[in-house]
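Scroll down for the structure; my scribbles are underneath it.
What follows is calculated from the coordinates using simple rules that are stated; it is not laboratory data. The structure displayed is predicted, hence computed values, not measured ones. Methodologically, a virtual Cβ is constructed for each residue, glycine included, from the backbone with ideal geometry; neighbour enumeration extends over all protein chains shown.
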Amino acid sequence: MSRSPSIQHRLVRAFAAFGSVPVLAFGLLVAAGDYVVRLRHGADVVQAVGIAAAEELSLHLSSHRGAIQQLADRFAASGEAAWPPSAEALAAALGRTSVSFPGFLTLLATDAEGRVVGGWPSRQADGAPFTWTGVDVSDRGYFRVPRDTGRAFLTGVFVGRGFGNDRMAAASAPIVLDDGRFLGVVQGAIRLDALDRLMSVAASQPGLELLVVDPALRVAFASPGLPFAVHQQLPRDGWLDTGAHDAARFVPLGLPAAPSFDSLAFERDTPEGWHVVVLTSRWHLVSRALVDLALVTLLMGLVVLAALQAGRLQGRRVTEPLRELGRRLDSLSLADDPAIPAARSEATELATLEDAFARVARRVADQWSRLQDDVATEAMLREELARTMAQHRAIDAELSIAAEIQQSMVPGRDALARKVPELEVAALLEPARAVGGDFFNVIPVDDHYTCFYVGDVSDKGVAAALFMARVATLLEVAARRGEPPGKLLSVVARQIARDNPSEMFATVLCGVIDVHIGTLSLASAGHDPPAVLRADGRVDRPPMETGAALGFDADAEYPEWHLRLKAGDAVVCWTDGLTEAPDAAGREFGEAAIGECLRGARGGDAQAVMDRLLGAVRAHLEGQPPHDDLTLLALRRPVARARPAPAAPAMRPPIELEMPNRLAVLPVLSAALDDALAAEAVPELVRKDIALVLEEVLSNTVRHGYGEGQRDTIRLTARREGERLHLRFDDGAMAWNPLEHELPDLDADLEDREVGGLGVLLVRELSESAQYERVDGRNRLDLVIRLEAPEEVTA
Amino acid sequence: MQLQINIEPPTGRQQRVALSGRVDTHTYQDLDQRLAPLLGNAAVDNLVLDLEGVDYISSAGVRSVFRARKALAARGGKVLVLNPQPQIKKVFDIVKAVPVTDVFRSTAELDAYLDKMQKKVLAGDDDE
């Protein structure tokens with residue numbers, strides 16, 4: 001801010017410069033006028049004072065001379081005889097005149113020879129008597145001139161003797177008789193001190209000087225400011241001839257010791273020949289004018305200062321808004337950039353404005369360049385977007401091919417119907433994207449067994465689809481080998497975990513169903529258990545244990561769960577696209593809804609069950625796009641008419657059942673046979689005997705007949721003949737004839753009894769007959785059991 | 001297929017265990033496991049097996065009963081069977097799993113037996 005003066009200062013300076021000139025000029029003009037006026041006034045004063053002083057002087061002198069003349073005339077009139085009167089009479093006459101004319105200092109009279117005959121005053125101031133008589137004054141001018149001329153005479157100025165140093169003039173008149181005889185002279189000394197007072201009054205005007213000179217050019221009076229002494233003889237040829245008698249005018253005094261400058265002078269001569277001169281110096285006039293000029297200038301200066309102050313106040317009304325404007329503009333720029341070019345304006349307010357403008361301009365420039373950058377970036381992004389979209393279209397095309405391939409990996413609806421004529425199969429796979437991670441398949445293994453699985457890869461999209469292809473392929477291969485589901489899953493788990501760089505995983509539910517008798521084995525690799533919809537509308541959820549999802553654990557084991565589907569029962573499998581389908585508020589569909597829905601689908605075929613489930617989940621989704629792949633698979637054993645019911649007697653065609661050599665499947669097999677016997681109205685107690693026989697034979701075979709890891713299928717054929725049931729057990733276990741086994745001694749003391757062998761005993765006790773054969777490396781045990789309840793047992 | 005085992009609080013030196021469901025090759029291990037602490041407890045003389053709720057037993061279940069009988073017999077105790085259903089009774093008969101005198105058709109019959117036993121023991125004590 002200090003680099004340039006403000007407009008405020010400039011205004012004040014300009015006003016001071018341009019405003020004070022006319023003021024000063026005006027002051028000078030006034031001073032000049034003043035001087036002229038003073039000059040004229042001075043001339044008038046000088047003239048008036050001169051005239052008045054001359055009149056005063058003339059009156060003083062002529063009146064005293066007249067008084068002397070009258071006195072002389074009176075003495076003459078008294079006659080020769082009366083002259084000289086006595087001294088006392090004379091003194092009295094002179095004294096009377098002195099009373100009338102106080103200007104007289106002394107009065108005296110002489111005789112014709114010039115001897116004093118009497119005088120006044122008779123005594124001096126100290127009381128001593130004057131001795132007037134006898135003094136010879138015949139040599140004096142005041143005697144000789146009146147004697148010689150016969151007329152009154154006035155002397156010049158002189159200094160009296162014996163009467164102090166008073167300046168005096170003397171008036172004298174002759175005493176002349178009518179016949180012309182001369183008797184003497186009367187003389188009066190006139191005091192000029194009285195004149196001094198008059199002259200002082202006249203000269204009391206400041207700057208005014210007064211000079212009185214007698215006819216003999218001797219100084220009678222001079223102002224104290226003049227360098228003349230009383231009685232000084234002035235040169236005859238001098239300034240008195242300047243002729244300043246009509247009007248005052250400037251004349252050089254031209255005298256020794258006179259002021260070196262000229263003076264305004266006026267001269268008046270009295271009838272008695274005295275000169276009165278009044279002077280005033282030019283310097284006096286000029287100095288007065290200068291004082292006036294100074295006063296005027298001071299006054300004008302004050303006026304100027306007041307005007308400046310007012311101007312400053314007014315100026316602020318302009319400069320303050322300017323400063324404010326600058327500040328606001330600055331705040332607009334938001335700039336604190338020190339690299340702003342220096343303002344060129346010299347005025348502070350304008351410089352501030354300019355700075356602010358510069359900052360705003362820089363900011364605008366910055367914004368502009370940023371905008372240009374943005375535009376360039378946007379163009380680049382557009383180009384990239386176009387490229388990306390082209391790539392995207394190419395990927396879309398590839399994806400649709402991938403989707404076709406993936407769809408081809410799951411069986412279509414017609415294929416499913418053809419695959420397993422003994423089952424109703426309905427399935428649906430809806431990927432959330434072009435390709436998905438869900439999969440399922442239904443694979444007939446042989447006449448009895450059909451394997452099915454439903455799976456879900458941990459992710460969605462292309463990576464999931466590729467992983468799914470691998471898992472599905474491995475599962476299909478394993479399924480075609482006829483593995484039970486637990487074994488099947490552990491094999492595939494090992495294959496996948498061995499080489500899984502993507503660290504994805506898949507959950508799989510796998511089942512193997514005997515399509516003829518409905519025994520169903522299930523195993524789960526981290527997948528939801530299925531729901532079993534019974535023909536009567538009940539919905540079971542098998543509480544099966546699940547193993548690890550396929551992907552990480554190469555040694556995972558998968559426990560199996562066994563159950564049986566009766567005619568009209570359906571098993572329904574799904575992926576989490578069903579359970580986790582959200583409605584508009586984000587609530588999941590949930591397993592409770594599945595159960596509800598399935599109960600409502602009671603009696604429908606597999607497709608109807610699935611359609612109902614699908615309709616429910618679609619309604620739940622409320623038109624939103626699915627968030628996840630959705631897969632449903634329903635398998636149902638058709639109601640009895642699928643197998644033409646034979647005419648009575650029932651069971652003429654033998655029931656053929658099979659089971660792997662695993663104890664867990666035993667209850668399912670037992671239940672299947674029990675169902676068939678119940679349908680034949682076999683009493684419950686007998687059915688329990690048969691179940692006991694089944695358990696004892698098969699558990700013994702499975703427990704003891706096989707080596708570690710040996711796999712076998714045990715076949716059971718049941719044939720009814722009248723009131724007897726023929727059972728044939730056919731297995732590939734090591735040769736063992738239970739009928740040759742030694743029976744335990746039931747009557748031995750408790751301490752001695754063997755705990756084993758009871759099963760064989762029970763089988764033999766409950767069978768009417770039993771027969772064992774080893775055929776083609778297989779054990780064949782034929783048992784016959786009576787179907788009516790023996791009375792004695794219940795007793 | 002399931003077996004429920006309800007071990008009731010002991011009364012005197014009797015320990016009553018109520019079973020229901022099936023005692024077969026799939027469930028006998030559960031039963032063995034639950035009975036083991038009772039059989040190892042010297043404070044228990046007699047084990048009363050209430051079989052009213054059991055509708056099926058196989059040789060595997062019979063073996064569990066045998067093991068219990070043997071364990072208790074070592075210290076003079078017994079397994080008493082209460083209320084066996086027809087199939088169970090039939091199997092028990094066939095394999096002579098429990099002496100007929102140790103099978104009771106009702107709680108009243110069992111209580112009468114236990115009273116008698118009690119008196120017998122007291123009398124024996126008097127003899128000494």
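About its Cα centre, the range B:4-122 has a charge dipole of approximately 460 debye under the convention of +1 per Lys or Arg Cβ and -1 per Asp or Glu Cβ, with nothing else charged. Coupling constants for the range A:348-365 follow from the phi torsions by the Karplus curve (6.51 cos²θ - 1.76 cosθ + 1.60, θ = phi - 60°), and in residue order they are 4, 4, 5, 5, 4, 4, 5, 4, 4, 4, 5, 5, 4, 4, 5, 4, 4, 5 Hz; glycine and proline get x.
Positive end of the dipole of chain A (Cβ unit charges, origin at the Cα centre): among A:Ser204, A:Leu192, A:Gly27, the Cα lying farthest that way belongs to A:Leu192. The residue among A:Gly537, A:Leu325, A:Leu11 whose Cα reaches farthest toward the positive pole of the charge dipole of chain A, with charges on the beta-carbon of Lys, Arg, Asp and Glu, is A:Leu11. Peptides A:621-627, A:318-324, ordered by how many other C-beta atoms sit within 10 Å of their residues on average, highest first, read A:318-324, A:621-627. The range B:84-118 and the range A:268-335 have Cα centres spaced 148 Å apart.
Backbone phi angles across the range A:52-60, fed through the Karplus curve with coefficients 6.51, -1.76 and 1.60 (θ = phi - 60°), yield HN-Hα couplings of 4, 5, 5, 4, 4, 4, 4, 4, 4 Hz in residue order; Gly and Pro are listed as x. In a DSSP loop and with at most 14 other Cβ atoms within 10 Å, the chymotrypsin sites (Phe, Trp or Tyr not before Pro) in the range A:500-562 are A:Phe552.
If you place +1 on the Cβ of every Lys and Arg and -1 on the Cβ of every Asp and Glu, how big does the dipole about the Cα centre of the range A:380-420 come out, in debye to the nearest 20? Write down the numbers at each step before the final one.
Numbers: 6 positive and 6 negative charges, 49 e Å.
Dipole about the Cα centre, nearest 20: 240 debye.
Its DSSP H runs of at least 4 residues, each contributing -39,500 (n - 2.57), put the calculated 222 nm mean residue ellipticity of chain A at -15000 deg cm²/dmol, to the nearest 500. Cross-link candidates for A:Lys460: which aspartates and glutamates have Cα within less than 15 Å, leaving aside residues fewer than 8 places away along the same chain? Straight-line reach from A:Lys460, under 15 Å: A:Glu430, A:Asp438, A:Glu503, A:Asp576, A:Glu580, A:Asp628, A:Asp629. Here the range B:4-122 carries DSSP beta bridges of which approximately 25% are antiparallel, counting only pairs with both residues inside. Amide H contacts under 5 Å for B:Arg16: B:Glu8, B:Thr11, B:Val48, restricted to partners 5 or more places along the chain or on a different chain, H placed in the peptide plane at 1.01 Å from N. Across the options A:Met380, A:Pro174, A:Val277, the greatest Cα extent toward the positive end of the charge dipole of the protein assembly as shown (unit charges at beta carbon of Lys, Arg, Asp, Glu) belongs to A:Pro174.
Using a cut-off of 18 Å between Cα atoms, the listed pairs B:Lys78/B:Lys116; B:Lys70/B:Lys96; B:Lys70/B:Lys120; B:Lys89/B:Lys116 include B:Lys70/B:Lys120; B:Lys89/B:Lys116 as exceeding that distance.
Averaging the sequence gap over all C-alpha pairs within less than 8 Å and six or more residues apart, then dividing by the number of residues, gives chain A a relative contact order of 8 percent. Relative protection proxy for A:348-356, A:773-781, from highest mean packing down: A:348-356, A:773-781 (other beta-carbon atoms within 10 angstrom). Each 5 Å bin from zero holds the following percent of Cα-Cα pairs in the range B:4-122: 2, 11, 24, 27, 21, 11, 3, 1, 0. Taking the Cα centre of chain A as origin and charging only Cβ (+1 Lys, Arg; -1 Asp, Glu), how large is the dipole, in debye to the nearest 20? With only Lys, Arg, Asp and Glu charged at Cβ, the dipole is about 6840 debye.
Sorted largest first, the spans of the alpha carbon positions of chain A along the three principal axes are 241, 67, 43 Å. Within the range A:512-598, report the trypsin sites (Lys or Arg not before Pro) that DSSP leaves as loop and that have at most 13 other Cβ atoms within 10 Å. Here the sparse-neighbourhood loop sites are A:Arg538, A:Arg587.
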